[in-house]
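Each value in this text was obtained by applying a stated rule to the coordinates, not by laboratory testing. Everything quoted here is computed from the prediction, not taken from an experiment. With ideal geometry, Cβ positions are generated from the backbone for all residues, glycine too; neighbour counts draw on all protein chains shown.
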Amino acid sequence: MAGRGRLNAFDLLPEAAEDDVVWAMRELGQRKRTQEDIRLEFNDRLAAKGIEGIKSTAFNKQAVRVAAAQRRMHNARALYDSMADELDPADVGRSTMQLGEFLKTLIIELVEEGDENKSPKQAMELSRAYQAVVTAQKTSTEHRQKLEAEIAAQLAKQADKALTVAAREKGISADTVSMIKAQLFGITLPARERP
């Protein structure tokens, strides 16, 4: 079974250093200070807690990982922003389906590429991710259908009410109103419910 590999210096830090790690990653992300300046202050913060500092090579590797992750997030955000401008609320269901198909494709590619000795845990995680995407797509579709049905029912109710009021004001017979409603809404009211 393939292992994770050797833990890096950040992985080996105790839990007490977690807030300092978050601070350092935030500082790196802001790109306002030099990496070495951040590392020195980070190590001072660790030393104040009695924790051994991080060497520059380990800090540099982590900074490169953070920068790469930020670039990916920035690119993904830019892509989403460009797509979001073109979508209106009616397209949300369609965009959810497209995103779901993209994620399913990505999961399949992860399974097919690289390490052919995936552990059972990795296979299970990918399977769960795939299932979660399918479930989200189904939920999105059901939610959209429910909203459409609710809107249609509200419109029908409002139209029915307006037609009833207008019929009374104009003196239209109850049978004529029932016939109009049946043709408009596909409903037939029993005689006792007719206006």
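Could you please find all residues in segment 140-164 being small (Gly, Ala, Ser) and out of contact with any Ser or Thr (no Cβ under 7 Å at 6 or more places or on another chain)? Please lay out each step first, then the result.
Our first condition is that a residue be small (Gly, Ala, Ser); within segment 140-164, this holds for 140, 149, 152-153, 156, 159, 162.
Scanning segment 140-164 gives ALA149, ALA152, ALA153, ALA156, ALA159, ALA162.
Screening ARG39 with (1) under 30 Å from LYS121 (Cβ atoms); (2) surrounded by 14 or more Cβ atoms within 10 Å (Cβ to Cβ) gives one miss only, at (1). Are any of the residues in segment 25-36 polar (S, T, N, Q) and surrounded by 15 or more Cβ atoms within 10 Å (Cβ to Cβ)? Taking every residue of segment 25-36 in turn, at least one turns out to be polar (S, T, N, Q) and surrounded by 15 or more Cβ atoms within 10 Å (Cβ to Cβ).
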